[in-house]
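The block underneath contains the structure these notes are about, expressed in structure tokens.
The values are calculated or read from the model by the stated rules, or taken from the named source; none is laboratory data. These figures come from a predicted structure and were not determined experimentally. In this analysis, Cβ positions are derived from the backbone assuming ideal geometry, glycine residues included, and neighbour counts consider all displayed protein chains.
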Amino acid sequence: MTFRQFAYRNVVRNRRIYAAFFLASVFSVMVFFLYSMLMFHPGIGERFITGITLIGMTAADVVLYVFMLFFLFYSMRAFMQARSGEFALLLQIGMERRQLGKLLLLEMLLLGAASTASGIVLGFAFSKYFFMIVRELLQLPTLPLYVSWEPFLMTAGAFFSLFLLIGLLSAYIVSNRDISEFRKGIGGEADPFGYSPGRAAAGILLLLSSYGAALLAGRVNVLYLSVLLPPAATLGTYYFFSHSILYLLDLFRDQKSLYWKRTRLVSLAETAAKLRDNANMFFIVAIVSTVAFLSVGTLASLATYTAQYRALNPLGLVYESYPGNPHEYEHVTGLMKELENAGLEYTHVPLTVAREESSFSGQPINILREGEVNLLAETLGAGPVQLRPGEAVFLPYSTEAAPRLQDADIQTELEESGVEVHVKGVVGGLLLPAYSLGTNSVVVSETDFVKVASAQTDSLLHIHAFDVPDWEETVGIGLSIEQAMVMSEIQQGEALPYYFKNPGLDYSIIRSTFHLLLLTGLLVAMVFLLAAGSFIYFKLYTMLDRDRRQAAVLKRLGMTEREFIKIVNRQLIPQFFLPWGIAMLHSTFAFISLQAIWKEFADISILNEMALVLVGFTVIQLLYFYLIRWRYLAHVKGPA
């Protein structure tokens, strides 16, 4: 048998240990390949993958690559610990440490080649279905499968170099250890039973203070908290698993009436030992799971904004003409012609807006005409207002503002024109894009508006509102005006005397960007969660032989099958759901902070998305737990 055959048979013989590692690696390669296929697609790249989408997908690729580097290194450490007895035997019968390092390098290259090839094959096999999903998300007429050498070469080169790096690093570690270290297991010399009471208290205090700060997060302090809270929560999580949980277990062990009871003594004693021994692994799983939750939850909240975009933008097109604008007639007639050429029905409602200071607040206030507002309200299906001279109502600036303004009752004087108005109530429904006129606008009667307008004939704002039922089809309308605005921003020249907003065009960009980012986040999160479960899998099978011997001893002592399964459950549940629970707490309080930001920014709620993300990942974890538990029980009940 040659040396290469020996390496190959080692991999095949240890396939049970390598199974989760191989599965996670294949899935990561497949995700990376699908990203590459999407980024190089001729029908996608130039049109959709620009700006924030390109940054997000590139960042996902980099994060995935760096995470896989860490995952592979951690996995190899676990494999070396699981096979330390085998390595000690090989060294004892005459193998050189240099040859042992070469053996590990060959095994890693075999695994790397197999997982890279399998991931690319699976990725290409599923790319057609992947493109079908992307086509529906972007609402494209077609998105055909294509063949190009770039995705294949990029994926193969990235991951084979990654496996080569980990193989060389593993070979170096093994080559610098002697037989005594392998006999006691790599990392076995550390004392897993000690903890510091001070660090135990610090872990709990850091987590509680981070959660408390997240509850108080708002628009003002959220930037500071986003810098301070993640390091504090990360350090608190590390101290919690390495010290705090051990302190809490010791407190529970002092309660003899609870601890010394039937099988609880055996199961909790073994659980405590495994929690002490695997504290670092639990910390890693908790942080990785938190990152997965937050990436999907944050992107899902962006999708919520996309879903509510129409409610925040009730009009199809909006053109604002400032005083002295020479292009108003040309632009407005051009927009009408473009809508007619595109076969889109529309209703054009011109609005005139005056601006004066209010004696009540001392701040400028926008003033609109009753007849024009009623015409726009009728067009959008809202109720009209009926005002007498001296009466006014608020124009809501957002969907959430209308209930708050409903009970407002203000007496004020418009200082420039001297018109006194009693502002009470609100126009029903949002008539203009949210926050387009600021947060202080009122509608006055025809008589009062004539007085206001006569005092400032040269400073009136003209708004041309276009209600387009098929507003999502306005993507190509007003592109010349959009380009002029973009060029003005790029060149940083004088401010333009007009402003144009096309919600249909903006929506298409936002929808495609958010959907691509959400798809990216979901795939990366699945890699993270699969890897997090693999960490637990590695630890379980690292100590499988010892657990099998313990099970045999308990059975000889007379323990029943039911009692044995109860002990196994009490050992596995903390290993699976303790880091999961901490990750859920981290994510919940982070989502609460995110909700505070969204409330200030767009008046939307992400409660449903938060619940959906957390419940969905919990179901996945439960399925993973029962799968691993089934396999673990089958192996532990096997022959010792």
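In the list LEU103, LEU111, LEU140, which residue meets the criterion of being modelled with pLDDT of 85 or more and out of contact with any strand residue (DSSP E or B) (no Cβ under 9 Å at 6 or more places or on another chain)?
Numbers: LEU103 fails: modelled with pLDDT of 85 or more; LEU140 fails: modelled with pLDDT of 85 or more.
Just a single option satisfies the conditions, and that option is LEU111.
Could you please let me know if VAL468 is closer than 20 Å to TYR309 by Cβ and modelled with pLDDT of 85 or more? Break it down stepwise before answering.
Numbers: closer than 20 Å to TYR309 by Cβ: yes; modelled with pLDDT of 85 or more: yes.
So VAL468 fits the description; yes.
For the subset of the range 356-378 comprising residues that are surrounded by 18 or more Cβ atoms within 10 Å (Cβ to Cβ) and out of contact with any helix residue (DSSP H, G or I) (no Cβ under 8 Å at 6 or more places or on another chain), which member is farthest from GLY476 (Cα to Cα)?
First, pick out the residues of the range 356-378 that are surrounded by 18 or more Cβ atoms within 10 Å (Cβ to Cβ): 356, 358, 365-370, 372-374, 376-377.
Adding the requirement that they be out of contact with any helix residue (DSSP H, G or I) (no Cβ under 8 Å at 6 or more places or on another chain) leaves 358, 365-366, 372-374, 376-377.
Working: SER358: 41, ILE365: 34, ASN366: 31, GLU372: 28, VAL373: 28, ASN374: 29, LEU376: 24, ALA377: 26 Å.
Among those residues, the one meeting the criterion is SER358.
Suppose we keep only residues that are of a type in the set (S, T, N, Q) and within 15 Å of THR474 (Cβ to Cβ) within the range 314-350. Which one would you say is surrounded by the most Cβ atoms within 10 Å (Cβ to Cβ)? Break it down stepwise before answering.
Within the range 314-350, the subset of a type in the set (S, T, N, Q) is 321, 325, 333, 341, 347.
Then drop every residue that is not within 15 Å of THR474 (Cβ to Cβ), which leaves 341, 347.
On the way: ASN341: 10, THR347: 16.
Step by step, filter the range 314-350, then rank; the result is THR347.
Kindly indicate which of GLU357, GLU330, GLU320, GLU372 is over 43 Å from the mean Cα position of the chain (by Cα), assigned to a strand (DSSP E or B) and of a type in the set (Asp, Glu).
On the way: GLU330 fails: assigned to a strand (DSSP E or B); GLU320 fails: over 43 Å from the mean Cα position of the chain (by Cα); GLU372 fails: assigned to a strand (DSSP E or B).
Selected residue: GLU357, the only one of GLU357, GLU330, GLU320, GLU372 that is over 43 Å from the mean Cα position of the chain (by Cα), assigned to a strand (DSSP E or B) and of a type in the set (Asp, Glu).
Checking LEU315 against (1) touching a helix residue (DSSP H, G or I) at 6+ places or on another chain (Cβ under 6 Å); (2) assigned by TED's automatic domain parsing to the domain that holds PHE394; (3) not acidic (Asp, Glu), which single condition isn't satisfied?
The one condition LEU315 does not meet is (1).
Can you spot a residue in the range 87-105 that is charged (D, E, K, R), assigned to a loop (DSSP other than H, G, I, E, B) and farther than 22 Å from VAL31 by Cβ?
Of the range 87-105, the ones charged (D, E, K, R) are 96-98, 102.
From what is left, the residues that are assigned to a loop (DSSP other than H, G, I, E, B) are 96.
Those left that are additionally farther than 22 Å from VAL31 by Cβ: 96.
Yes, the range 87-105 contains at least one residue that is charged (D, E, K, R), assigned to a loop (DSSP other than H, G, I, E, B) and farther than 22 Å from VAL31 by Cβ.
For the structure I just gave you, tell me whether LEU540 is more than 19 Å from GLN621 (Cβ to Cβ) and at pLDDT below 75. Reasoning before the result, please.
Details: more than 19 Å from GLN621 (Cβ to Cβ): no; at pLDDT below 75: yes.
Considered against the rule, which asks whether it is more than 19 Å from GLN621 (Cβ to Cβ) and at pLDDT below 75, LEU540 comes out as no.
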